[in-house]
1. When you check residue 68 against the structure, is it part of a loop (DSSP other than H, G, I, E, B) and either exposed (fewer than 10 other Cβ atoms within 10 Å of the Cβ) or of a type outside the set (Phe, Trp, Tyr) (or both), yes or no?
2. Could you tell me whether residue 44 is under 24 Å from the mean Cα position of the chain (by Cα), at pLDDT 80 or above and surrounded by 10 or more Cβ atoms within 10 Å (Cβ to Cβ)?
3. If I ask for residues that are surrounded by 10 or more Cβ atoms within 10 Å (Cβ to Cβ) and charged (D, E, K, R), which ones from the stretch 20-40 would you list?
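The values are calculated or read from the model by the stated rules, or taken from the named source; none is laboratory data. Everything numeric in this text was worked out from a predicted model, so none of it was measured. Glycine gets a Cβ as well: all are built from the backbone with ideal geometry, and neighbour counts include every protein chain shown.
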Amino acid sequence: MGLEFGHLPVHIRRIAYYTLSPYEQKLWVNFFSTDIPNLFRRAIYVAPRIAPGLLLSAFVYTWTPAEHKRLNRKDPKLYENDK
């Protein structure tokens, strides 16, 4: 048929494609001098948005079992006359 991908009658000009081989990338370059400080900077930037939800979740997580336990206690005054 002739019209398959890779063999279409369309020519694109003036576009250069560049790729970098994974063997040429340097993974640990500037890791301690730029990447770790960048991690802390991003964490500090996001913390004000995340902290209220985390604090509220922690409060609810600790408060609900205690409140449930308190509400399920029996009142001894209700059972004074039982014998």
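1. No; evaluated as a whole, the condition is false for this residue.
2. Spelling it out, it is not the case that residue 44 is under 24 Å from the mean Cα position of the chain (by Cα), at pLDDT 80 or above and surrounded by 10 or more Cβ atoms within 10 Å (Cβ to Cβ).
3. Hit for the stretch 20-40 is 35, nothing else.
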